[in-house]
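Asker: Okay, here's the structure, questions in a sec.
The values are calculated or read from the model by the stated rules, or taken from the named source; none is laboratory data. These numbers come from a predicted model, not from an experiment. Virtual Cβ from ideal backbone geometry, glycine too; neighbours counted across all protein chains shown. The accessibility values were calculated without ligands, DNA or RNA, using every heavy atom of the protein model including side chains. Shrake-Rupley method; radii C 1.70, N 1.55, O 1.52, S 1.80 Å.
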Amino acid sequence: MSPALEGAGGEGPALGGAGGMSPALEGAGGAGPELEVGPGPALEGVRSAGPALEVVRAGALTTVQDAGRIGWAHLGVPRAGALDGPALRLANRLVGNAPDAAVLETTVTGCAVRVTGARPVLAVVGGAGCRVTVDGRPVAWGAPVRVPPGAVLEAGPAVQGLRGYLAFAGGLVPEPVLGSRSADLLSGLGPPVLREGDVLPLGPALSSLAPHADTVPWPGAPAELVLPLYPGPRDGWFTEGALRTLTSAAYRVSERSNRIGLRTEGPALTRARDGELPSEGMVLGAVQVPPDGLPVVFLNDHPTTGGYPVVGVVAEAALARAAQAVPGTPVRFVRA
């Protein structure tokens, strides 16, 4: 594997960078030290006469996400987008948005934003369970809430799950890049990670899509993460014993996981052959095995190429639960 791809397709620093789960974030701790306070460069000066959100507390890792940057992988552009797609769509439904409207995705510690402009904004906080307040007063989690002009909506630290989703009527409308407003932590495309003082414009609310339900059921965080696995294309690079281990042993979610990949802890997989592959295309859900032998499940910000062998691919429908699996959650790979 070339040096340029070591951090992307294998065990390089790409999985322990800005989107990683550092030990300081195992619980509901504060922001990592690498996140500076101040207006983000791509969002500086974003002001409009219409409603907008001003970031009061950015949290450990809060990004703008929509349904993702689909159809550009052949040019080396990752997909990005909300890791918990069902939570994105449900939050948007409750505020009357199109299913793929852009929202805020928080990680562990939540965030707080102030509504600017002259009218109230309908908002929902869903995904990871947390305490929700408007100007310090408790309001409903997982249900539409009207936030008055000038008021601060705060999603507290996650008490269940990992990633929260804040949807606002009209959706967030930063400048799209290649058809998506999503932040991509690997390539740097899209809006940067949010910082205090950033301002995000909101689009016009779609009255024709007004919510028809006050509350709906939200899936809980998984007590165990079961991942259906399609073998290949490089399962032949591993011993029969390693393949049995993969689908029978107990793994755990590593705290080194992030938006690029879900890292695991558990028994290492033994290779049947030496050497390295030429870099080849990677897909969402690919289970890549770096030299330490511990499977990594590629998530939305995954690199589009890599040189470590892919032992199997996890069904995409199962990956939303991976977005809410906290470090230490048991993981089982089962044959699809």
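Asker: Just wondering, is there one or more residues in the stretch 321-335 that are of a type outside the set (S, T, N, Q), open to solvent by 10 Å² or more (accessible area, probe 1.4 Å), modelled with pLDDT of 95 or more and under 13 Å from Tyr230 (Cα atoms)? Before the answer, list the steps.
Answerer: Quick first cut of the stretch 321-335, residues of a type outside the set (S, T, N, Q) only: 321-323, 325-328, 330-335.
The next check asks that each one be open to solvent by 10 Å² or more (accessible area, probe 1.4 Å); those that pass are 321, 326-328, 330, 332, 334-335.
Retained after the next criterion (residues that are modelled with pLDDT of 95 or more): 321, 326-328, 330, 332, 334-335.
Okay, now just the ones that are also under 13 Å from Tyr230 (Cα atoms), so 334-335.
The answer is yes, given that some residue of the stretch 321-335 is of a type outside the set (S, T, N, Q), open to solvent by 10 Å² or more (accessible area, probe 1.4 Å), modelled with pLDDT of 95 or more and under 13 Å from Tyr230 (Cα atoms).
Asker: Here is a follow-up. Scan the stretch 269-278 and give yes if some residue there is of a type outside the set (Lys, Arg), part of a strand (DSSP E or B) and under 28 Å from Gly76 (Cβ atoms), otherwise no. Spell out how you get there, then give the answer.
Answerer: Narrowing the stretch 269-278 to residues of a type outside the set (Lys, Arg): 269-270, 272, 274-278.
With part of a strand (DSSP E or B) added as a condition, the list becomes none.
Among the residues of the stretch 269-278, not one is of a type outside the set (Lys, Arg), part of a strand (DSSP E or B) and under 28 Å from Gly76 (Cβ atoms), which makes the answer no.
Asker: Working carefully through the options Asp214, Asp198, find the one that is among the charged types (D, E, K, R), over 25 Å from Val326 (Cα atoms) and at pLDDT below 95. Can you show your working first?
Answerer: Working: Asp198 fails: at pLDDT below 95.
After applying the criteria, what remains is Asp214.
Asker: Select from the stretch 42-78 the residues that are basic (Lys, Arg) and modelled with pLDDT of 95 or more and list them in ascending order. Explain how you work it out, then say what you get.
Answerer: Taking the stretch 42-78 first, the residues basic (Lys, Arg) are 47, 57, 69.
Within the stretch 42-78, Arg57, Arg69 qualify.
Asker: When the stretch 299-333 is examined, which residues are found to be out of contact with any helix residue (DSSP H, G or I) (no Cβ under 9 Å at 6 or more places or on another chain) and either assigned to a strand (DSSP E or B) or on the phi > 0 side of the Ramachandran plot (or both)?
Answerer: Val313, Gly328, Pro330, Arg332
Asker: So for the stretch 102-109 (the condition being touching an Asp or Glu at 6+ places or on another chain (Cβ under 8 Å) and open to solvent by 10 Å² or more (accessible area, probe 1.4 Å)), does at least one residue qualify?
Answerer: No, the stretch 102-109 has no match at all.
Asker: Moving on. Can you work out which of the residues in the stretch 110-125 that are without any contact (Cβ under 8 Å) to a residue 60 or more places away in the chain and open to solvent by less than 10 Å² (accessible area, probe 1.4 Å) is nearest to Gly136 (Cα to Cα)?
Answerer: Ala112
Asker: Name the residue that is surrounded by the fewest Cβ atoms within 10 Å (Cβ to Cβ), counting only residues in the stretch 283-318 that are touching a residue at least 60 places away in the same chain (Cβ under 8 Å), within 27 Å of Val193 (Cβ to Cβ) and in contact with a Phe, Trp or Tyr (Cβ under 6 Å, 6 or more places away or on another chain).
Answerer: That would be Pro290.
Asker: If you go through the stretch 279-298, how many residues are among the polar types (S, T, N, Q) and assigned to a loop (DSSP other than H, G, I, E, B)? Spell out the reasoning first.
Answerer: Restricting attention to the stretch 279-298, the residues satisfying the condition of being among the polar types (S, T, N, Q) are 279, 288.
Cutting the leftovers down to assigned to a loop (DSSP other than H, G, I, E, B) gives us 279.
Summing the residues that are among the polar types (S, T, N, Q) and assigned to a loop (DSSP other than H, G, I, E, B) in the stretch 279-298 gives 1.
Asker: Mind listing whichever residues of the stretch 52-78 are open to solvent by 20 Å² or more (accessible area, probe 1.4 Å) and touching a Phe, Trp or Tyr at 6+ places or on another chain (Cβ under 8 Å)?
Answerer: none
Asker: Regarding Arg256, is this residue under 19 Å from Gly161 (Cβ atoms) and in a loop (DSSP other than H, G, I, E, B)? Before you say what the answer is, go through the steps one by one.
Answerer: Values: under 19 Å from Gly161 (Cβ atoms): yes; in a loop (DSSP other than H, G, I, E, B): yes.
For Arg256, the condition - under 19 Å from Gly161 (Cβ atoms) and in a loop (DSSP other than H, G, I, E, B) - is met.
Asker: Here is a further query. Consider Val56 carefully, then state whether it is outside any loop (DSSP other than H, G, I, E, B), over 19 Å from Arg321 (Cβ atoms) and in contact (Cβ under 8 Å) with a residue 60 or more places away in the chain. It would help to see each step written out before you state the result.
Answerer: Working: outside any loop (DSSP other than H, G, I, E, B): yes; over 19 Å from Arg321 (Cβ atoms): yes; in contact (Cβ under 8 Å) with a residue 60 or more places away in the chain: yes.
Against the criterion (outside any loop (DSSP other than H, G, I, E, B), over 19 Å from Arg321 (Cβ atoms) and in contact (Cβ under 8 Å) with a residue 60 or more places away in the chain), Val56 qualifies.
Asker: Another question about this same structure. Does the stretch 130-139 include one or more residues that are under 18 Å from Thr63 (Cα atoms) and not hydroxyl-bearing (Ser, Thr, Tyr)?
Answerer: Narrowing the stretch 130-139 to residues under 18 Å from Thr63 (Cα atoms): 130.
The next check asks that each one be not hydroxyl-bearing (Ser, Thr, Tyr); those that pass are 130.
Yes, the conditions are met somewhere in the stretch 130-139.
Asker: Take the conditions at negative phi, out of contact with any Leu (no Cβ under 8 Å at 6 or more places or on another chain) and open to solvent by 10 Å² or more (accessible area, probe 1.4 Å) and apply them to Leu94. Does it pass?
Answerer: On the way: at negative phi: yes; out of contact with any Leu (no Cβ under 8 Å at 6 or more places or on another chain): yes; open to solvent by 10 Å² or more (accessible area, probe 1.4 Å): no.
The answer is no for Leu94.
Asker: Go through (1) under 30 Å from Ala73 (Cα atoms); (2) in contact with an Asp or Glu (Cβ under 7 Å, 6 or more places away or on another chain) one by one and return the number of the condition Val152 breaks.
Answerer: Only one criterion in (1) under 30 Å from Ala73 (Cα atoms); (2) in contact with an Asp or Glu (Cβ under 7 Å, 6 or more places away or on another chain) is unmet by Val152, namely (1).
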